[in-house]
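The values are calculated or read from the model by the stated rules, or taken from the named source; none is laboratory data. None of these values were measured; they are calculated from a predicted model. We place every Cβ from the backbone using ideal geometry, glycine too, and count neighbours over all the protein chains shown.
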Amino acid sequence: MSKSIQTLAQLVELKDQIRRHNHQYHVLDNPLIPDAEYDRLMQQLLVVEQSKPDWITADSPSKRVGASPLLAFDQVQHQVPMLSLNNVFDSEALLNFDRRIKERLKKQVGTDISLPITYTCEPKLDGIAVSLQYEQGLLVRGATRGDGNTGEDITTNLRTLNTVPLKLLGNQWPERLDVRGEVYMTQSGFNTLNQKLLERGEKTYVNPRNTAAGSLRQLDCRITANRPLLLCVYGIGQVQGWQKIPKNHYDILQQLQQWGFRTNQETRRVADAKACLDYYDQLARQRDQLDYEIDGVVFKVDNLQQQQQLGSVARAPRWAIAHKFPAQEELTQLLKVEFQVGRTGTITPVARLQPVKVGGVTVSNATLHNMDEIKRLGLREGDSVLVRRAGDVIPKVVRVIIERRLHDNQAIIAPDCCPVCYGPVEQITGEVALRCINGSSCATQIKQAVHHFASRKAMDINGMGGKLIATLVDQKLISTAADLYNLTQKQLASLERMGDKSANNIINALQASKQTQLDRFLFALGIPEVGESTARSLVHYYGKLEPIMMASEAALKHVNDVGAVVATKITQFFADPHNRDMIASLQRAGLGWPEYEPQKQLQTDLPLQGKVYVITGSLKSCKRDTLKARLQTLGGKVSNNISQRTDCLIVGQKAGSKLNKAQAMDITIWNEETVVAQLQSLESGQ
């Protein structure tokens, strides 16, 4: 928390702190604090200087845009400064921005304050701002933003980006054109890059923004060329000799697109400030579906004459504002590390944090994955850490702020026994995780295994939730999933908050679950590495349970989607006497399923083999899981994200941004009626 500024000396210290962070962020591409904390520091400075104007100095960070560039590249003077943007964080502040614009226009040119202002709305990409200078349609220079007045000449690197036109398309270009844009890296491109680095045993990167910044400023352009960088343009700077310059910002973006530049497909022109707020809400809902990172929305007065009339202050235009999303990264303190046990015995370290708001949600816990991750981070208890949360993703510790570490911060030591049952732990060769090997009597493993068994995609036992299962295990009424079918109505009714009616419902649900499908049963067993798709492939290949239980590793490798690791896990599971006894008990309890004729051949002739599908929006005629299963049965794969490998997008109602992305990538799009008809035709063999 920033301390109150009461003296001139404290203000000097605050300005020095902001300068250091400017240097780390803009020059070294190595920020030490999240953007939200930097925004708070800058906002504090602006408030103090507004209340104490005699304290303002010429070297204040409020009078600058960024920090001085490195001397490794030639320096470039921007003919039109690359200004930054002021920020707002709520709807009231945005409406006040709109009100101030109207008041200023009325004062300067007599425009009626009641008239709505038309705005262009653009996603605020989390990338690196650049300037591209064209003469007679040819790229002659590209530069970083630097301090807004002086940047670095990175022409050679920018020429390697496929999204940077070396010659403009079409004709009637200005004699001289300065295009402004953002260089960024998609999440999928970032993940692919990190995967390649892992395969080569090299250090991976923390986030797409820093990776893009470092990639763009390489002295060897061959390195830049091998990074998945994109340019998205958002405006222009200096222009000379444009005969028919548009009158509005939105139309300039359309013209830039015609000349060969990439513009953001989510950009919209809206009628007034209320529509700006609607756009903000809509994009906030879409944010987690986008393949690139954004941290807010930029609203710009659309009319260029009004922009000129409004002008700029020292560091930002008056005609534009950034409406920031709740921060997805925040700084907090690691209080301690605890170790949790999962369904398969995996022991996972969990960070207990000083509670902090991240992405609009209070975060007090974050995943640490394993001891290798703790070692990679160099993490100790008591450290100041950067925590990231995106959408519904589990919060993650992404960085340790070493500069804030105290000397007595304690090292984190891996447990030498299970934290639940105190049984022995081991690290399997080739794996990074520690495991409790006392699965049959470790209470946490039993609870999670039974909860998985009863879940909707497995045996679908209605009413058998986590709290009830925990109670049953704690009271020693069950110790395996098979024990569920030995429960009596009287036992259940005697439990707290249960009663006769609820107990009867549970007994009926257990009875109904006995008739199932073999692939659901296999999935319910919780075999490591065996998900729904692999379970379905096993049943399709063998037809019955017994051959699967008896199969060797070599034989299992012939099954579609089963590799060496999965084959080992399957044979190990069925070789365990405890697991075989549980399966026998389940069969004695009456669980059954249809058997099929085995199809012992590689499934390479299925009609949808190798095709990748993505489903988006709400479906009317069938459940999403049902549609997914039908596609998989015919050999198709179902992914959550649009990518270059996607063959078809299936859209229901309220399809959202995935539809726009698929259209931009020229991917085949089926509505619900089309996919149902296609599947019926394929399933009937027509």
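Report yes if Ala58 is of a type in the set (A, V, I, L, M, F, W, C), modelled with pLDDT under 85 and either in a loop (DSSP other than H, G, I, E, B) or in contact with a helix residue (DSSP H, G or I) (Cβ under 9 Å, 6 or more places away or on another chain) (or both), otherwise no.
Yes.
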Scope the range 25-48; condition over 24 Å from Val356 (Cα atoms) and modelled with pLDDT under 80; matching residues: His26, Val27, Leu28, Asp29
Meets criteria (buried (at least 18 other Cβ atoms within 10 Å of the Cβ) and assigned to a strand (DSSP E or B)) for Ile236: yes
Criterion violated by Asp605 - all others in (1) at pLDDT below 85; (2) closer than 30 Å to Thr480 by Cα satisfied: (2)
Evaluation of Pro598 against (1) on the phi < 0 side of the Ramachandran plot; (2) out of contact with any His (no Cβ under 9 Å at 6 or more places or on another chain); (3) surrounded by fewer than 18 Cβ atoms within 10 Å (Cβ to Cβ) (one fails), failing number: (2)
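Each row is one residue, and each column tells you yes or no for (1) outside any helix (DSSP H, G or I); (2) crowded, with 17+ Cβ neighbours inside 10 Å; (3) in contact (Cβ under 8 Å) with a residue 24 or more places away in the chain.
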site	(1), (2), (3)
Ala482	no, yes, yes
Tyr485	no, yes, yes
Asn508	no, no, no
Asp519	no, yes, no
Phe523	no, yes, yes
Ile548	no, yes, yes
Ala567	no, yes, no
Residue that is surrounded by fewer than 21 Cβ atoms within 10 Å (Cβ to Cβ) and either closer than 25 Å to Ala275 by Cβ or free of Cβ contacts under 8 Å to residues at least 24 places away in the same chain (or both), where the choices are Leu115, Leu138, Leu125: Leu115
Selected residue (only one of Arg645, Arg624 is among the charged types (D, E, K, R), touching a residue at least 12 places away in the same chain (Cβ under 8 Å) and not assigned by TED's automatic domain parsing to the domain that holds Ser188): Arg645
Which numbered condition Pro395 misses (of (1) buried (at least 20 other Cβ atoms within 10 Å of the Cβ); (2) modelled with pLDDT of 95 or more; (3) within 30 Å of Arg624 (Cα to Cα)): (2)
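Okay, residues lined up against (1) of a type outside the set (Asp, Glu); (2) touching a strand residue (DSSP E or B) at 6+ places or on another chain (Cβ under 9 Å); (3) assigned to a strand (DSSP E or B); (4) under 29 Å from Val206 (Cα atoms):
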{"position": "Ile245", "(1), (2), (3), (4)": "yes, yes, no, no"}
{"position": "Ile252", "(1), (2), (3), (4)": "yes, yes, no, no"}
{"position": "Gly260", "(1), (2), (3), (4)": "yes, yes, no, no"}
{"position": "Gln265", "(1), (2), (3), (4)": "yes, no, no, yes"}
{"position": "Arg269", "(1), (2), (3), (4)": "yes, yes, yes, no"}
{"position": "Asp281", "(1), (2), (3), (4)": "no, no, no, yes"}
{"position": "Lys300", "(1), (2), (3), (4)": "yes, yes, yes, no"}
{"position": "Gln305", "(1), (2), (3), (4)": "yes, no, no, no"}
{"position": "Gln308", "(1), (2), (3), (4)": "yes, no, no, no"}
Residue list for the range 354-381, filter: among the polar types (S, T, N, Q) and part of a loop (DSSP other than H, G, I, E, B): Asn370
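Residue check: is His451 in a helix (DSSP H, G or I) and within 29 Å of the chain's Cα centre (by Cα)? I'd like the intermediate steps shown before the answer.
On the way: in a helix (DSSP H, G or I): yes; within 29 Å of the chain's Cα centre (by Cα): yes.
It is true that His451 is in a helix (DSSP H, G or I) and within 29 Å of the chain's Cα centre (by Cα).
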Conditions (1) more than 40 Å from the chain's Cα centre (by Cα); (2) surrounded by 13 or more Cβ atoms within 10 Å (Cβ to Cβ); (3) modelled with pLDDT under 85; number of the one not met by Leu591: (3)
Criterion violated by Ile5 - all others in (1) buried (at least 19 other Cβ atoms within 10 Å of the Cβ); (2) at pLDDT below 80; (3) farther than 23 Å from Arg318 by Cβ satisfied: (2)
Residue within the range 189-198 that is among the charged types (D, E, K, R), touching a Leu at 6+ places or on another chain (Cβ under 7 Å) and either in contact (Cβ under 8 Å) with a residue 60 or more places away in the chain or farther than 12 Å from Leu139 by Cα (or both) present: no
Top-ranked residue in the range 454-467 [being assigned to a helix (DSSP H, G or I) and in contact with a helix residue (DSSP H, G or I) (Cβ under 8 Å, 6 or more places away or on another chain); ranked as surrounded by the fewest Cβ atoms within 10 Å (Cβ to Cβ)]: Gly466
